[in-house]
Amino acid sequence: MEVSLTKRDITEVKSFGKPPQDVKDVLLATCILLGHPKDTDWKMIQRIMGDPIFINSINNFEADECTPEAMEEARKILAEKDLNQIQCVSMAASELLKWCTSIIG
């Protein structure tokens, strides 16, 4: 699934000094699916999002590249997340939630 994110959208999310927990959880799950450790903190997430290929790595991601452990961890993190609630806080995070959901099923 291709996400409709721009560099501006990523900058919006990165600008959170202390993001709402739902936003942080969505970004953590995204990073885990991309192969980063599950103990990745917000500062590291911001650096990952700052990588010029971040959006491309999401858009070119193949679900079979993801380990079952990463998928299970992302499922746990995203359990009971409300897309509408996250959209009210961050459109970028809501797009990434849709992407994560499409990967983990």
Label zone at Lys76 (point 7 Å along Cα-to-Cβ), backbone N below 11 Å, the range 11-38: 38
Among [x] 0.95; [y] 1.87; [z] 1.94, the entry derived from the coordinates for Cα Rg over 2.2 N^0.38 Å: [x]
Leading residue at positive end of dipole, the chain (Cβ point charges), from Leu33, Ile48, Phe61: Ile48
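Counting pairs of alpha carbon atoms under 8 Å apart in space and at least six apart in sequence, what relative contact order in percent does the chain give?
Values: 96 pairs, mean separation 47.9, N = 105.
Once normalised by length, the contact order is 46 percent.
Sort Cys88, Cys100, Cys31 so the one with the fewest other Cβ atoms within 10 Å of its own Cβ comes first.
Numbers: Cys88 12, Cys100 26, Cys31 21.
The most exposed by this proxy come first: Cys88, Cys31, Cys100.
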Placed amide H near Lys81: partners under 5 Å, 5+ positions off or other chain: none
Under Karplus coefficients 6.51, -1.76 and 1.60, residue-wise ³J(HN,Hα) of the range 17-27 in Hz, glycine/proline x: x, 9, x, x, 4, 4, 5, 4, 4, 4, 5
Unit charges on C-beta of K, R, D, E only; dipole of the chain, Debye: 440
Cα centroid separation - the range 1-54 against the range 68-92, whole Å: 12
Amide proton proximity set for Lys38, modelled H, under 5 Å, gap of 5+: none
Packing-based order for 69-78, 11-20, using average beta carbon neighbours within 10 Å, highest first: 69-78, 11-20
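Computed from the coordinates by the stated procedures, all read-outs in this text should not be read as laboratory data. The structure displayed is predicted, hence computed values, not measured ones. Glycine gets a Cβ as well: all are built from the backbone with ideal geometry, and neighbour counts include every protein chain shown.
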